[in-house]
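**Q** Please see the structure below; I have some questions.
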Amino acid sequence: MTYLELAASPFRHLGVSEKVIQSELRKSGYRRHPTHKKPPVTEQIKRVRKEWAEAHVHWTVEDWMSILWTDETRVKIGGHSREWVTRKTNEEYDINCVSEKIRSRIGWMFWGCFAGPEKGPCLFWEKEWGTIDSENYCQKIVPLIDGIVSIRPWLSVMQDNAPPHAAARTMEEMGERFNTPISWPPNSPDLNPIEAVWDNMKNYIQLNYPSLGSGKKRSRDKLRLVVKEAWDSCCDWSRSYS
């Protein structure tokens, strides 16, 4: 709830303003922060996530920089909505301070990757390619990953467990080209640092291009340029292969 909503509802009987509520909460260490969005997790997934974290707790910066982080996201015209919560600094991942992430089916799919300070290629998933299935993933995206790993053989590939990624055909194709991806716990996009890149990109688009005009073709052509601009602007790395 916003400070105004607090003043108008649960604290209405006190007759205090939103400024007073904000001031008192700040004195107690509370601040407004964007919420982390997480997919729903079962007890089994929690256990797998914990085991994965414990297995990597002693990794060095160099270890993490040897990972090629990959993922897709959906981009669309219009605002990039974010939920906010009033919490203390150490409550970032408290169950009451995160919101459930619901997979969107609206927008244009965009794929990207990076490793350490270096940005890899990006790709717009063209509408005429259809849905992202294992066959299309092997044709369109796996060769891009192979191109990076072939010149940086020390990189290990990270991808989540989406059906096109985890399919047997995809694993076979990757195994023939390079090593298969590292193990990854299910429903764990929050562990992938590229999620922060997606947020930055969408915030950039919302701030600089709140409306891209009308007409599907016009909007799509413009969106392509805008998303590439956002990708370039928020990824301040030393070298680019995009």
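**Q** Which FRET efficiency value, to the nearest 0.05, do you get for D199 and L14 by plugging their Cβ-Cβ distance into 1/(1 + (r/R0)^6) with R0 = 30 Å?
**A** Plugging the Cβ-Cβ distance into 1/(1 + (r/R0)^6) gives 0.25.
**Q** A further question follows. Label points 7 Å out from Cα along the Cβ direction at N208 and I182: separation in nm?
**A** Between N208 and I182, the label points sit 3.0 nm apart.
**Q** Please list 128-134, 58-64 highest first by mean number of surrounding beta-carbon atoms within 10 Å per residue.
**A** The most tightly packed comes first, giving 128-134, 58-64.
**Q** Let me ask something additional. Starting from the Cα-Cα distance between L225 and K76, subtract it from 0.36 nm times their residue separation and give me the gain in nm to one decimal.
**A** Answer, rounded to one decimal: 52.4 nm.
**Q** Right, here's the next one. Return the subset of K50/K228; K46/K140; K88/K228; K19/K88 for which the Cα-Cα distance in this structure is over 25 Å, preserving the input order.
**A** The answer is K50/K228; K46/K140; K88/K228.
Any read-out appearing in this document is the output of simple, stated calculations on the displayed coordinates, not a laboratory observation. Predicted model only: the values in this text are computed from it and were never measured. Cβ sites come from the backbone with ideal geometry, for glycine too, and all protein chains shown count toward neighbours.
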